[in-house]
Amino acid sequence: DSGVTQTPKHLITATGQRVTLRCSPRSGDLSVYWYQQSLDQGLQFLIHYYNGEERAKGNILERFSAQQFPDLHSELNLSSLELGDSALYFCASSVVGGRLDTEAFFGQGTRLTVV
Amino acid sequence: DAKTTQPTSMDCAEGRAANLPCNHSTISGNEYVYWYRQIHSQGPQYIIHGLKNNETNEMASLIITEDRKSSTLILPHATLRDTAVYYCIVRLWNSGNTPLVFGKGTRLSVIA
């Protein structure tokens, strides 16, 4: 158990819909990263938040957005869903700032299926 | 883009040491080498990281060449549960804004 919790574990939805994926980082971790893993693309970095602020963006579509709340949990919002958005979505957390960067710990992912 | 090159796949007999190579010829002086693994669609799991000295923990050993252009992850006694995709990643030290960039990794199959 990495200490990172993602909900829901599985999600099936129709094209055009909107979903929200939730991530609770390890206690005390300030950084949250989101990744997408589809069969043909491997693990792709989407976005990074640190203590509520966006720090880095990767290959995140405009239809996707994220935020990190004061309690440090994060949500990834996916809208106007397409079949190609079907993938595993992982959240990772780490402690950053004021100390050496540490390794990132990953949750077990949310499997999104768009039908 | 990933800055590392790894073999696509490897096999290892159960109980033997698994040696997974990684080339990172463009690594800079302030970049660490990280290793993660992913067991069948689970979340990636941190294994070990190092800068220039060899490192060992309860999971594995990391051997980095003197010129730092390549490294080897060693699982001393591989078990069936070590079957996974292993990712070698280079990343800036103390880099709060730099995410882990995953390549395609090496698919290790441990065979009974």
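Given a cut-off of 24 Å, name the pairs among A:LYS9/B:LYS3; B:LYS69/B:LYS104; A:LYS57/B:LYS69 whose C-alpha atoms lie farther apart than that in the structure shown.
Numbers: A:LYS9/B:LYS3 32 Å; B:LYS69/B:LYS104 19 Å; A:LYS57/B:LYS69 28 Å.
Checking Cα-Cα distances, A:LYS9/B:LYS3; A:LYS57/B:LYS69 exceed 24 Å.
Once the Cα gyration tensor of the protein assembly as shown is diagonalised, what are the square roots of 5 times its eigenvalues, in whole Å and ordered largest first, as equivalent ellipsoid semi-axes? Intermediate results must be reported in sequence, preceding the final value.
Values: eigenvalues 179, 86, 47 Å².
Taking √(5λ) for each Cα gyration eigenvalue gives 30, 21, 15 Å.
Using a cutoff of 8 angstrom between alpha carbon atoms and counting only pairs six or more residues apart, the relative contact order for chain B works out to 37 percent. Legend: mean number of C-beta atoms from other chains within 10 angstrom of residue C-beta atoms, peptide A:22-35, equals 1. Across chain A, the convex hull enclosing all Cα atoms gives 96 Å³ per residue. On the principal axes of its alpha-carbon atoms, region B:28-112 has extents of 40, 26, 20 Å, going from largest to smallest.
Measuring from each cysteine beta-carbon in chain B, the ones with no other cysteine beta-carbon under 4.7 angstrom are B:CYS12. For the residues of A:36-46, the average number of beta carbons from a partner chain within 10 Å of their own beta carbon is 3.
Bear in mind that the values in this text are calculations on the coordinates, not laboratory data. In this text, all values refer to a predicted model and were calculated from it rather than measured experimentally. Neighbour counts run over all protein chains shown; Cβ positions are idealised from the backbone, glycine included.
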